[in-house]
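Here the structure is laid out as structure tokens; the discussion comes afterwards.
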Amino acid sequence: MAENNTQTERVGFVGIGNMGVPMSRHLKKAGFELTLYDVDSAAAKTCAEELGCQSVTSIKELAAASDIIITMLPTGHIVRQVMLEPAGDALADHLAAGSLLIDMSSSDPSGSKELGTLLAEKNVQFVDAPVSGGVNGAINGTLAIMLGGDDANAIERAKPVLSAMGTRIFETGPLGSGHAMKALNNSVTAAGFAAASEALIVGERFGLKPDVMVDIFNVSTGRNFSTELTIKNEVITGNFASGFALALLSKDVKIAADLALSLEMDMPLLAETNRRWLSALDDLGGDNDHTLAFTSWKNKTTQT
Ligand code: NAD
């Protein structure tokens, strides 16, 4: 794709990981003046060299080079740390008044609301814009984006940037609503993966072949995102390399379960899905690919 050089806003991208690398590639192609920052400065430098943009090693340099900041970090807690800590010398302290933060991480909605209040005191605009579509969606520039915010001007300002990375932008409502939607979406994905995993484990013990089972799910009513993609491509093949860490999916399910609790709602399937993923997290550690949860559940079943 040819680069277009008509963009006037300078974008600083924080979090050059599995998602951040391909997302920043699309921003560069769309013509944004781009600056990359990651606590792993080598990761930011390598990506910047590939894209032909700059990377920086300090928050202060990042702020000076950016009108809009995008965060694509593991958790909302880390987003708040980057923006607010240390007090007086954090990213939000160095940004010019009127700058915009777009948090595309899968963060917790209550933390995002609190962050919005604190950023407003520092004259920094804020929208939440988490994504769905995984690493492939990021590579193809086809992410679905859930855009929440209280400031109509900030929402409109974010759209040209978001359009470079995704094909569908849904306005979900007030600040934090994108993050709530994202967590609820992933709780459904996580439940689908767990349900299909259990069916495969039971079927295999009975004598069915897992690869044949998945092929049958995928032309039958049992199919879901996981049977079509992650279970078919990562579990059945033994690759276990979807690019989405166990810590991150477990975090999302917990955000959804905590959201239900905060609304004083009893949601037994959501609570059990949360327990299942936390048990895999406890067993395997968070750095492993989330698809390895299948092996944890299978091993525990075999032991009983
Ligand atoms: P990742 O772990 O690959 O990348 C995160 C990056 O953030 C790393 O490069 C890390 O060094 C950097 N980082 C961590 N702490 C930092 C700090 N304090 N300052 C600067 N940089 C810091 O994670 P990912 O898979 O790219 O996911 C990022 C976000 O996107 C998460 O919130 C995740 O839930 C969400 N998400 C991931 C996927 C996926 O398929 N991987 C899909 C949709 C949404």
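The values are calculated or read from the model by the stated rules, or taken from the named source; none is laboratory data. The model shown is predicted, which means the values in this text are computed figures rather than measured ones. Glycine gets a Cβ as well: all are built from the backbone with ideal geometry, and neighbour counts include every protein chain shown.
For this structure, a couple of remarks:
- Residue tally, condition aliphatic (A, V, I, L, M) and touching a residue at least 60 places away in the same chain (Cβ under 8 Å), over region 101-126: 2
- Whenever a residue of region 149-162 is in the same structural domain as Leu101 (by TED's automatic domain parsing), its partners that are part of a helix (DSSP H, G or I) and β-branched (Val, Ile, Thr), lying with C-beta atoms within less than 7 angstrom and at least six residues away or across chains, give the pairs Gly149/Ile155.
- The one condition from (1) farther than 18 Å from Ala138 by Cβ; (2) out of contact with any Lys or Arg (no Cβ under 8 Å at 6 or more places or on another chain) that Leu175 does not meet is (2).
- For region 71-92, a residue qualifies if it is over 16 Å from Ser58 (Cβ atoms) and away from the ligand (no atom under 11 Å from the Cβ), and the qualifying residues are Leu84, Ala87.
- Close contacts from region 127-146, counting a first residue that is in the same structural domain as Ile16 (by TED's automatic domain parsing) and a second that is acidic (Asp, Glu), with Cβ to Cβ under 8 Å and a gap of 6+ residues or different chains, come to Val127/Asp103; Val127/Asp151; Asp128/Asp103; Ala129/Asp103; Pro130/Asp103; Met146/Asp128.
- Glu49 near the ligand (Cβ under 10 Å from one of its atoms) and without any contact (Cβ under 8 Å) to a residue 24 or more places away in the chain: no
- From the options Asp211, Asp258, Asp266, Asp252, residue that is acidic (Asp, Glu), away from the ligand (no atom under 16 Å from the Cβ) and in contact (Cβ under 8 Å) with a residue 12 or more places away in the chain: Asp211
- Restricting the first member to region 19-36 and to residues that are in contact (Cβ under 8 Å) with a residue 60 or more places away in the chain, and the second to residues that are crowded, with 21+ Cβ neighbours inside 10 Å and part of a strand (DSSP E or B), the beta-carbon pairs closer than 6 Å and six or more apart or on different chains are Leu27/Val11; Leu27/Leu34; Phe32/Val11.
- In region 84-91, the count of residues that are touching a residue at least 12 places away in the same chain (Cβ under 8 Å), in contact with a Gly (Cβ under 6 Å, 6 or more places away or on another chain) and buried (at least 18 other Cβ atoms within 10 Å of the Cβ) is zero.
- Residue match in region 135-149 (condition: within 16 Å of the ligand (Cβ to nearest atom), in a loop (DSSP other than H, G, I, E, B), within 21 Å of Val21 (Cα to Cα) and among the β-branched types (Val, Ile, Thr)): yes
So that you can scan it fast, the table gives a plain yes or no per residue for (1) touching a strand residue (DSSP E or B) at 6+ places or on another chain (Cβ under 6 Å); (2) surrounded by 23 or more Cβ atoms within 10 Å (Cβ to Cβ):
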site: Leu143; (1), (2): yes, yes
site: Glu171; (1), (2): yes, no
site: Ala190; (1), (2): no, yes
site: Val219; (1), (2): no, no
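- Selection within region 87-109 - out of contact with any His (no Cβ under 9 Å at 6 or more places or on another chain) and of a type in the set (Gly, Ala, Ser): Ala87, Gly88, Ala90, Ala92, Ala96, Ala97, Gly98, Ser99
- Within region 26-59, the set of residues being in contact with a helix residue (DSSP H, G or I) (Cβ under 6 Å, 6 or more places away or on another chain) and of a type in the set (Lys, Arg) comprises Lys28 only.
- Residue in region 19-38 that is over 21 Å from the mean Cα position of the chain (by Cα) and within 11 Å of the ligand (Cβ to nearest atom) present: no
- Any chance Thr302 is in a helix (DSSP H, G or I), hydroxyl-bearing (Ser, Thr, Tyr), at pLDDT 95 or above and out of contact with any Cys (no Cβ under 6 Å at 6 or more places or on another chain): no
- When Ala280, Ala257 are checked against the criterion of being under 18 Å from Pro74 (Cβ atoms) and either outside any helix (DSSP H, G or I) or not polar (S, T, N, Q) (or both), Ala280 stands alone in meeting it.
- For the criterion of being within 13 Å of Ser24 (Cα to Cα) and of a type in the set (Val, Ile, Thr), Ile70 passes.
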